[in-house]
Amino acid sequence: MGNSKLYKGSLNTIILKLLEEKGKMYGYEITQKVKELTKGELKITEGALYPALHKLEAEGLLDVEVAKVDNRLRKYYKLTEAGEKETVNRLAELEEFIRSMQNLVNPKWSIE
Amino acid sequence: MKLTKEDILNINDYLKKKDIKFVDVRFELIDHLVSEYESLDNYPDLDSFLRKRISWCKQVSEAKAKTMHWGYQKDLWKRVLVFMKSPYFYLITFVIAFVYFQLYTILSLELFEKAVLFPFFGVIIFQFTFFLYNHYKNRLKLKLLSANYLFNIFSLPHLLLYIFSPFKDFFLEYPPLFLGYIGFALVLNIAALVEVTFKQKKIKREYKFLKEILI
């Protein structure tokens, strides 16, 4: 994607939405899933992803689970109860934003 | 290509050398780096792969430290709110205020000041002993980021003590204000102590788990 800045404000919502769908995910998995869903258009950088995950965790929206995988530890993130409610709110906000943007960019003219 | 245990230990050492010293930060970075490396088609030399990624690893480590610090400060206020939601809080406050009002009527101003400050200092001395005991007994602070920032929770409550001295005369002129200030400081200090104890138990469990595998 030419302008990743457009996605910047939606990073937390993207993370919450993915976790809502998948149940639990780890950092690298999230970056790959976003890449796959957007057909490589959006690449979430690690420098942005982990601070966002840690912030959501500190806010109590995410819970973590650590498991041993192939000689190393893996930190899985999953939504808390508060996180589930927040996901619904943030998705509604995002949808509203997209609708407004569509109206601005592609207005439907009508003669009443 | 799957990385061997030795390769993973090398990544761990490399991150340690690059000043990412906390285990609870490192293990997540290690998993990401290993997953990324193993998914590459043509495997580059591990050292050059790590060199290219160290800047974001440091960025993540620094950002996590900040998030943790502010998260802990927020948790302190949440703990105060939990206190305030309990009916016992109001009952205890009422009893203490009543006792101090009686003391105010029978004691001299100097003795009254000592009587009010005594529980405040008591809590702080307890916190300090608790801090020293845990710091030297466990030395977790050196290994986990979550433990390193734990005792910062006491900073704000202690600040109330430091700013008391310059305004001491002013406070003593208005005993209700003095009582209110000390009462608030006391609640904040007790909340900090409860929060630190709660978090410390969680951190110890986390450390025990990580120690068995990583350290």
field: Filter pass, B:Leu177 being in a helix (DSSP H, G or I), assigned by TED's automatic domain parsing to the domain that holds B:Lys85 and touching a residue at least 60 places away in the same chain (Cβ under 8 Å)
entry: no
- request: Only one of these is of a type in the set (Lys, Arg) and at the interface with chain B (Cβ under 10 Å from one of its Cβ atoms): A:Arg90, A:Arg74. Name it.
  value: A:Arg74
query: When the stretch B:168-207 is examined, which residues are found to be touching a Leu at 6+ places or on another chain (Cβ under 8 Å) and hydroxyl-bearing (Ser, Thr, Tyr)?
result: B:Tyr181, B:Tyr207
- prompt: Name the residues in the stretch B:12-24 that are crowded, with 19+ Cβ neighbours inside 10 Å and over 13 Å from B:Ile54 (Cβ atoms), would you?
  reply: B:Asn12, B:Phe22, B:Val23, B:Asp24
message: When you scan the stretch B:204-213, do you find a residue that is part of a helix (DSSP H, G or I), within 14 Å of the chain's Cα centre (by Cα) and not hydroxyl-bearing (Ser, Thr, Tyr), even just one?
response: yes
query: Of the residues that make up the stretch B:82-99, is at least one exposed (fewer than 13 other Cβ atoms within 10 Å of the Cβ), among the charged types (D, E, K, R) and either farther than 21 Å from B:Ile203 by Cα or within 13 Å of chain A (Cβ to nearest Cβ) (or both)?
result: yes
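Report, by residue number, each residue of the stretch B:100-120 that is part of a helix (DSSP H, G or I) and open to solvent by 50 Å² or more (accessible area, probe 1.4 Å).
Here is the first cut: in the stretch B:100-120, the ones part of a helix (DSSP H, G or I) are B:100-106, B:109-120.
Those that are part of a helix (DSSP H, G or I) and open to solvent by 50 Å² or more (accessible area, probe 1.4 Å): B:Phe101, B:Gln102, B:Tyr104, B:Thr105, B:Ile106, B:Leu109, B:Glu110, B:Leu111, B:Lys114, B:Phe118.
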statement: All conditions in (1) open to solvent by less than 10 Å² (accessible area, probe 1.4 Å); (2) over 23 Å from B:Ala63 (Cα atoms) are true of A:Leu49 except (2)
- prompt: Can you name the residue in the stretch A:73-112 that is in contact with a helix residue (DSSP H, G or I) (Cβ under 9 Å, 6 or more places away or on another chain) and of a type in the set (Asp, Glu) and, of all such residues, is surrounded by the most Cβ atoms within 10 Å (Cβ to Cβ)?
  reply: A:Glu86
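Here are B:Glu28, B:Glu6, B:Glu38: which of them is under 21 Å from A:Tyr76 (Cα atoms), open to solvent by 30 Å² or more (accessible area, probe 1.4 Å) and within 13 Å of another protein chain (Cβ to nearest Cβ)?
B:Glu38
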- prompt: Which of (1) more than 21 Å from B:Val196 (Cβ to Cβ); (2) assigned to a helix (DSSP H, G or I); (3) at the interface with chain A (Cβ under 9 Å from one of its Cβ atoms) does B:Lys64 not meet, given it meets every other one?
  reply: (1)
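Listed here are the residues, each with its yes/no results for (1) of a type in the set (D, E, K, R); (2) in contact (Cβ under 8 Å) with a residue 24 or more places away in the chain; (3) open to solvent by less than 20 Å² (accessible area, probe 1.4 Å).
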| residue | (1), (2), (3) |
| --- | --- |
| B:Ser165 | no, no, no |
| B:Phe170 | no, no, no |
| B:Ile182 | no, yes, yes |
| B:Ala192 | no, yes, yes |
| B:Glu195 | yes, yes, yes |
message: Being away from chain B (no Cβ under 12 Å), under 10 Å from the mean Cα position of the chain (by Cα) and β-branched (Val, Ile, Thr) is the filter here; which residues of the stretch A:1-60 pass it?
response: A:Thr13, A:Ile14, A:Ile15, A:Val34
message: Being surrounded by 14 or more Cβ atoms within 10 Å (Cβ to Cβ) and in a helix (DSSP H, G or I): is that true of B:Asp47 here?
response: no
Hey, B:Leu188 in the same structural domain as B:Thr105 (by TED's automatic domain parsing) and either more than 30 Å from A:Asn71 (Cβ to Cβ) or open to solvent by 80 Å² or more (accessible area, probe 1.4 Å) (or both) or not: yes
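The values are calculated or read from the model by the stated rules, or taken from the named source; none is laboratory data. If you're wondering where the values come from, they're calculated on a predicted model, not measured in any experiment. Methodologically, a virtual Cβ is constructed for each residue, glycine included, from the backbone with ideal geometry; neighbour enumeration extends over all protein chains shown. Surface accessibility is based on the protein's heavy atoms, side chains included, excluding ligands, DNA and RNA. Shrake-Rupley method; radii C 1.70, N 1.55, O 1.52, S 1.80 Å.
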